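None of the figures in this text is laboratory data; all of them are computed from the coordinates on show. All values reported here derive from a predicted model rather than from experimental measurement. FYI the Cβ positions are ideal-geometry reconstructions off the backbone, even for glycines, and counts take in every protein chain you see.
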Amino acid sequence: MVAVTAGPAASFEVGRVVTRTLGVLVRRPAIWLAALVFLGAPQAAGVWLLFYSDLETGSGGWWAACLALVAAWFVGLALMQGIAIHSTIGTLNGKRPRGAFKAALAVFAPLTGFLVLAGLAQAAGAVLLLVPGLMMLTAWAVGGPALMVEGRGVIEAFQRSAELTRGHRWEILGLVVVQIILERGGMWVFGRLAEQAPDAAYLLAVVCAKGVTPALAGVVGAVGAATLYYELRAAKEGLGEGPLAAVFD
């Protein structure tokens, strides 16, 4: 963990989070590529394997493929998020990020652990009732960036995220809901296209709906979480560009 020095606190503005997130997404196309490589490609292959190969649904091989697909998702998600967090914080500090993949590998194990635990808890909350799942997603929204930037452990990352998001969770919940709506909307559009597509294009539309769209939504979520972390620290602790930039020196 790198020691930082507090400066004048800034106000927290959702509009600035959105604007800066879009700015990073436009300026760093490599993040999109990382999502397609680490998330989109494995998910697309998994969709084909589960639904369009010769595997019999419900067979041992089919279930093994399901487990492999879930594992591939978390592995790819951890790598993509590590790259996105490193690139976003560097960009917000006016630097050209370098060594993003190396930085992602350095936190791969704990970041994967955080994502798996968060995913399981959110799934359990969603099964019981939608609201608990959304509130957990909101409270833990910046756990990944806290883990990577501050060198936090897995459990500490949950605690740190809850601390940073406290007092701003309704605004953050709004951002989370918008992201979910956009992702589901994209999947719905490709699903409708698949229904109308000729046989030659049907598989492509299904792959985009079930594989590529969630991967691209993951990019927006990862960059948004890193930007949100940056803005929350600036608002609560008065951290300017210098201290956060020092984390990556």
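Quick rundown of the values:
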quantity: Label zone at ALA109 (point 7 Å along Cα-to-Cβ), backbone N below 15 Å, segment 138-169; calculated: 152-155
quantity: Whole-Hz couplings from phi, Karplus 6.51/-1.76/1.60, listed for segment 29-36; x for Gly and Pro; calculated: x, 4, 5, 4, 4, 4, 5, 5
quantity: Simple spin-label estimate for VAL177 and ALA121 in nanometres, 7 Å along Cα-Cβ; calculated: 2.2
quantity: Over segment 15-143: Rg over Rh, Cα atoms, Kirkwood Rh; calculated: 1.03
quantity: Under the Debye formula (equal points on every Cα, no solvent term), log10 I(q)/I(0) of segment 29-246 at q = 0.19 Å⁻¹; calculated: -1.48
